[in-house]
Amino acid sequence: MDVLTPEQRKKNMRRIRSKDTSIEIMLRKALWKKGYRYRKNYKALPGKPDIAITKYKIAIFCDSEFFHGKDWEIKKAKLLNSNNPKYWIDKIERNIARDHEIDQLLFFMEWTVIRFWGDEIKRNTDECIKTIEEAIFNAKIQSHDEVYNDDFDVVSTSSHELNHNSEKA
């Protein structure tokens, strides 16, 4: 049973935001302070990541525990005893499925996806930043390897052409 009156619940639900939440702002400020630049709610990508570091193809989502189903089996059992349980269970399960679909789409687009729970951001912002920095480091290494491999392919093609041309002479 809900401990809030319908008016209190309505007021509470109206204040829940989909953009510029406190956890997003906290993480964005920490990234900005470290010198990382990003896009907010990047519409060019599936799921409109809360933070997108386009230079390194990193999509970051700041997920609230309730709406994205942290410890879902425990929460689901509690929701069965709340107001309108079918609505909430269906909504949260669809959010979980959509999160998974978005992760896969971004993966196939060769983006790195990082998801943080709100509590992680609030309690361990520095650890979240370290996770992002590791992803940036990995992206730098990967792009370096791709450039190196591209250069190697060009060199090997050129040397093959040289050998081919010298045989004709």
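The stretch between Q104 and K75, if pulled fully straight at 0.36 nm per residue, gains 7.9 nm over its current Cα-Cα span. For the residue pairs K29/K70; K33/K75; K29/K57; K55/K78; K75/K140; K48/K75, the alpha carbons lie more than 31 Å apart in K33/K75; K55/K78; K75/K140.
A Cα-only calculation for the stretch 6-128 places Rg and Dmax at 15.7, 47 Å.
In a simple Cβ point-charge model (Lys, Arg +1; Asp, Glu -1; nothing else charged), the stretch 6-128 has a dipole of about 720 debye relative to its Cα centre. Along the axis of the charge dipole computed for the stretch 6-128 (Cβ charges of +1 for Lys and Arg, -1 for Asp and Glu, origin at the Cα centre), the listed residues A77, N95, Y42 are led at the positive end by Y42.
Ordering V113, V3 from the fewest to the most neighbouring beta carbons within 10 Å gives V3, V113.
Bridge orientation summary for the stretch 6-128: considering DSSP beta bridges with both residues in this region, about 45 percent are antiparallel.
Panel order for R98, R39, by other beta carbons found within 10 Å of each beta carbon, from fewest to most: R98, R39. If R0 equals 30 Å, the separation of the Cβ atoms of F66 and F137 corresponds to a calculated FRET efficiency of about 0.40.
A short reminder: the numbers here are calculations on the coordinates, not readings from a lab. What you see is a predicted model, and the numbers here were worked out from it, not measured in a lab. Don't worry about glycine lacking a Cβ; one is built from the backbone with ideal geometry, like all the others, and counts go over all protein chains shown.
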